[in-house]
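First comes the structure, then the notes that go with it.
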Amino acid sequence: MATQTSKLTASDILVTTRPFRWIVTVAPFVVGYFATHGFELGWPLYVGVLYFAIGYNLLLYGLNNIFAHEPDAHKPRVGGLGAVALARSKHRALWAAIVALNVPFLLYFIVVGQANATVWLLGMLFMAAAYSVPGLRYKEVPGLDTFTSAFQYTSPFIFGVLLMGGDNFWVPAYLTFFIWAMANYTLGAIQDITPDRDAKVDSVATKLGAENALLVCLGSYLVAAVLPVVYYGWKGVFAAVVLCWYVALCLSLVPFRQRDEHHNFRKAWRVLTIMNYVTGTLISLYLLLLHHWA
């Protein structure tokens, strides 16, 4: 019988960070940085990109790997988009890697950044841990699960702004981003309702039920589409139009709103993943162009 090795390889670390999803955390940081600092390159940008590709994602997914290995196994989405489950024998080494690839970056950002950027980053680290670690485990607290998940993926934007001493002009854009991310999480969680309930795992979707969760998603996407126009006027119209794609996606699921196990919810999750990459690219480029023209 083969024994499990405790050696953690570079390949293990790489796959744990889920390279397919690096763009989800790197792009918000880059947009926040450029939106504040212009298109000037520099070490804070290079270090930030490296951190939000590897260190930050190792923290997010490494802790999830360590503390949520068995509870997540029942979910149909687990195993997709490069997700892996490392052997328990490697968890101690994974802890060491998480510390080694986060602490040096934190020290660098403390030295080069503003105080408010440091406070924000510490909040990000706490939320990343709180999502998975026992005693907090926000991922199983309805409401906190969607809030924490949205914060994990949107907060690099504000960090990029604060790191370079940006002002509050981008707060409405962040609020829109945050509401959109919460809706994404909730929509994806609908397909997990039955397996979560069977495993006695709570989530925002199990609490609301499929129909109400879909209604929350629809309302959230509508709010996210309206906010850019409310705060930025005609400059926000492009973002509003793009976000209406999500309203259409939710409306397409209304006939199945009471059937969380329907294959259309799994199909919608795959469509949503593609839409998020397209939408993120379009709106990020648009924000940068607006900043360049200002």
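Just a few scattered comments:
- Note on Met275 and Phe39: their simple-model spin labels are 3.1 nm apart, each label 7 Å out from Cα toward Cβ.
- Trp234-Glu261 pseudo-label distance in nm [points 7 Å out on the Cα-to-Cβ vector]: 5.3 nm
- GNM flexibility winner over the chain from Asn64, Asn168, Asn212 (Cα, springs under 10 Å): Asn168
- Selected from Leu107, Leu121, Leu208 as most flexible by GNM, with the chain as the system and alpha-carbon contacts under 10 Å: Leu107
- Taking every protein chain into account, the accessible area of the chain amounts to 47 square angstrom per residue (probe 1.4 Å).
- Rounded to whole numbers, the Karplus 3J(HN,Hα) couplings from phi for region 226-242 are 7, 3, x, 6, 4, 8, 10, x, 4, 5, x, 5, 4, 4, 4, 5, 4 Hz, using 6.51 cos²θ - 1.76 cosθ + 1.60 with θ = phi - 60°, and x at Gly and Pro.
- Counting only Cβ charges, +1 for Lys and Arg and -1 for Asp and Glu, the dipole size of region 182-294 around its Cα centre is about 180 debye.
- The label-point distance for Val223 and Leu125, in a model that sets each label 7 Å from Cα toward Cβ, rounds to 3.1 nm.
- Within the accessible area of region 96-254 (1.4 Å probe), percent carbon and sulfur: 73 percent
- Surface accessible to a 1.4 Å probe, Met164 within the full protein complex, Å²: 50 Å²
- Full-stretch length increase - Leu289, Arg92 - with 0.36 nm per residue and alpha-carbon distance subtracted: 66.4 nm
- Packing-based ranking, highest mean first, of 131-137, 218-224 given that Cβ atoms within 10 Å are counted: 218-224, 131-137
- Among the lysines of the chain, pairs at least eight places apart or on separate chains and with Cα atoms under 29 Å apart come to 15.
The values are calculated or read from the model by the stated rules, or taken from the named source; none is laboratory data. Remember, it's a predicted structure, so these values are computed and weren't measured experimentally. Heads up, the Cβs are rebuilt from the backbone with ideal geometry, glycines too, and the neighbour counts pull from every protein chain shown. In case anyone asks, the SASA skips ligands and DNA or RNA and just uses the protein heavy atoms, side chains included. Shrake-Rupley method; radii C 1.70, N 1.55, O 1.52, S 1.80 Å.
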